[in-house]
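The numbers here are math on the coordinates, done by the rules we state, and not lab data. Everything numeric in this text was worked out from a predicted model, so none of it was measured. Cβ: placed from backbone, ideal geometry, glycine included. Neighbour counts: every protein chain shown.
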Amino acid sequence: MATTGRRGTWPGAILCVLTLLAAACGGGSGGGSAFGLAERPESSLDPGESADTGASAAGEGGAQVLTDLSGRVTISGSSTVEPISVRVAELFRDVAPDVSVTVDGPGTGDGFKLFCAGETDISDASRRIKDAEAEACAEAGIEWIELRVAIDGIAVLANLENDAVDCLSFEDLYAIVGPESVGFTNWRDAGSLAAELGSSTSFPDLALDITAPGAESGTYDSFIEIVLEHIGEARAEAGAISEDEAATTRPDYVSAGDDNVIIQGIDGSRGSFGWVGFAFTGDAEVKLLEIDDGDGCVAATPDSIAAGDYPVSRSLYIYVNSARAAASTAVSAYVDFYVSETGLGRAVSDVGYVVLTDDAQATTVAGWYRRTIGG
Amino acid sequence: MRLGRVFDDRTRRVVTSEVYRRSRDVRGGLFRVLLQIALLVALLVLAILLVDTVTDGWSILDGRLGDFLAGGLRSQSGDPELGVFQGIRGSLWIAVFVIVLAFPLGIGAAIYLEEYAPKSRLTSFIDLNIRNLAGVPSVVYGLLGLAIFVRGLKDLTGGQSVTAAGITLAVLVLPIVIITSAEAIRAVPQSLREAGYGAGATKWEVIRTQVLPYAAPGILTGTLLSLSRAIGEAAPLILVGAVTGFLGGQSGLVDVSQLQERFTALPIVITEWVQESGRDRGFAPAAAAAIVVMLVVVLLLNSAAILLRNHFEKKR
């Protein structure tokens, strides 16, 4: 599903793995990092160096064994990012078998609560940390390093048999599930609101059945943030809705915490509508709608998401407790491994997410090795 | 005699038809059919569920049962190390805690309530409360476990550990153990006790040699069924902090040093895999296979209960 064949095209971070693993087998790592390298020279981030050796080092990322490394790494947070962290932990186990990694996925918000209470080393997040959460962390004296690890597109779904709708604009989406759509039971109802907002999409005469993530879900927050919020704010200024309603959806739809239930809901009705993380669409029997954000209709594909062409996509992050990373070689070694090609490339694509572009990966690697505190 | 002769043939006819008129008893027959349908529906639902689950999980149960029983939580359904071992381990340790804590406490409380406690307003109030506790939703026990065993007694349990989970579920089934044991003790005929006292036995001797052996089959059935309930619970474990994603660095079924470590359990594994099946379809058969494994574990426990009951029934 995800982009492949990137291995040889990203020498900077690959070289980093090579250097790190070489340093580790050189023995005697006494520094702040498991691999004895707290900071990497700037030059190794430059692309174009020893791509071939780099590729082979990344390929055998699991071959090096750090038997003297032990300790714990506790990870919690987004259930969306959970599979990536688990996959990294599985691959990391081959490298450092005595490090015990625990990964949990109660949700991004719950994860930050634990993280800012100092109960976890790393927090998985399907959005960036909120100001209130960052304040809670600051009050507890916890400093964090934000690392972008993958991209997740949000697929907008309709029933396979719905021939009438192929491509929707953000205005159309707002008309279907925005705060002003309360009570719309037919696609036509949404059509008149969409026309008012300046859309020319024609809507079918079909019963509208919405099954989508609920307010507890990171996918719900992301959908509002990406699609609905700015239209909602404009409508609030125009006086059509109140300020409080700007960043909300209509409350009257079937909300489900389980992506599987959403897929079933979409499959179950001809006039269905919903959205779900792109990774969860897999081979599901649903229609992925194209989205037009002013630059024409774009279908959700791994390529269009990675390139940033598909408008409804979001980045996935991990937040590392910097004091823990400095104190525990197990934690820092795990993150070293996470930002290596094995983590950002192989693990991400293994579990069905979209791999970051080379530049974005280099930014993540740099953020980690410079221990950049804050976003 | 005269009357008899007059009614002789008629009476015989009436009686015969009353006795053999089954076909004319329409309402009785209808009721019987309804009862049979009720039974059939119940069994049919169960059979459909079983067949459906086994069919869904067959690819794993048939293909890689050994690996599946030895594996753990994984990110991909195709991983050869994907399996239920970590879940079985957690569930069995929870069972051990229930047996060690809830059984002696529950049976002891039941003996006290039935044999020693005076029949006062206080005891009937306590009795009422125990019955209410048995009906409290299990999530509430999860909250209790989170507050007391995970947070309050962190030094003892190690926080979100299998110890905290085991104690929480022991507390959860305690009222059920008390109620079923008390009922079994109440069913012991009073004449047995009186005979014991008549022969000069003390209260303790009567309880030990007469009441408990007689009540043992009932107590065992009730307590072991409550153990099955404890093993099937998922909601309290989520609150106590069962791990859903990845549980590294654990091995061995009986490593006591890991009792204060993070854990997972069979119902949690099943819940997680059902959710993951949205991302990776292959988790659906894995979840079905895990359900079959859990059914087998529970059935083994129940059949142990039946064997023990038969053993004690023969003794009495």
inquiry  = What whole-number distance in Å separates the alpha-carbon centres of the stretch A:110-126 and the stretch B:119-156?
reply    = 30
query = How many lysine pairs are close in the protein assembly as shown, with Cα atoms under 28 Å apart and the two 8 or more places apart or on different chains?
reply = 5
task = Note down, for the stretch B:69-315, the three equivalent ellipsoid semi-axes (square root of 5 times each alpha carbon gyration tensor eigenvalue), biggest first, whole angstrom.
result = 39, 20, 15
key: Radius, Kirkwood style, for the stretch A:173-284 when every pair of distinct Cα atoms is counted (Å)   = 14.4
ask   = Tell me, what is the percent relative contact order of chain B, built from C-alpha pairs under 8 Å that lie six or more residues apart?
value = 25
inquiry  = Sorted from largest to smallest, which semi-axis lengths in Å does the alpha carbon gyration tensor of the stretch B:138-211 give for its equivalent ellipsoid, taking the root of 5 times each eigenvalue?
reply    = 41, 14, 7
message = From the helices alone, meaning DSSP H stretches of at least four residues, give me the mean residue ellipticity at 222 nm for chain B, per-run term -39500 (n - 2.57), in deg cm²/dmol to the nearest 500.
response = -22500 deg cm²/dmol
request  = Count neighbours as other Cβ atoms within 10 Å of each site's Cβ, and list the trypsin sites (Lys or Arg not before Pro) in the stretch B:100-203 that are DSSP loop with at most 10 such neighbours.
outcome  = B:Lys119
request  = Starting with the fewest neighbours, write out A:Val88, A:Val165, A:Val149 ranked by other beta-carbon atoms found within 10 Å of each beta-carbon.
outcome  = A:Val165, A:Val149, A:Val88
key: Projected area averaged over orientations for the protein assembly as shown, convex hull of C-alpha atoms, nm²   = 47.0
message = Rounding to the nearest 10 and keeping the result within 0 to 90°, find how far the Cα-based axis of helix B:283-315 lies from the longest principal axis of chain B.
response = 50
request  = Between B:His311 and B:Val51, take the C-beta separation as r, use R0 = 30 Å, and let me know the FRET efficiency to the nearest 0.05.
outcome  = 0.35
ask   = Can you tell me the Rg and the Dmax, both Å, for the Cα atoms in the stretch B:97-137?
value = 11.5, 33
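Grab the eigenvalues of the alpha-carbon gyration tensor for the stretch B:51-134, scale each by 5, take roots, and send me the semi-axes largest first in whole angstrom.
46, 14, 11
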ask   = What whole number of Å gives the distance from the Cα centroid of the stretch A:185-202 to the Cα centroid of the stretch A:225-287?
value = 16
ask   = Amide H to amide H under 5 Å from A:Phe273: which residues, 5+ apart in sequence or cross-chain, H placed 1.01 Å off N in plane?
value = A:Asp209, A:Ile210, A:Thr211
ask   = Of the beta bridges DSSP finds with both residues in the protein assembly as shown, what % are antiparallel, to the nearest 5?
value = 60
inquiry  = If each residue of separation counts as 0.36 nm, what is the full-extension length gain between B:Tyr20 and B:Ala195 once their alpha-carbon separation is subtracted?
reply    = 58.1 nm
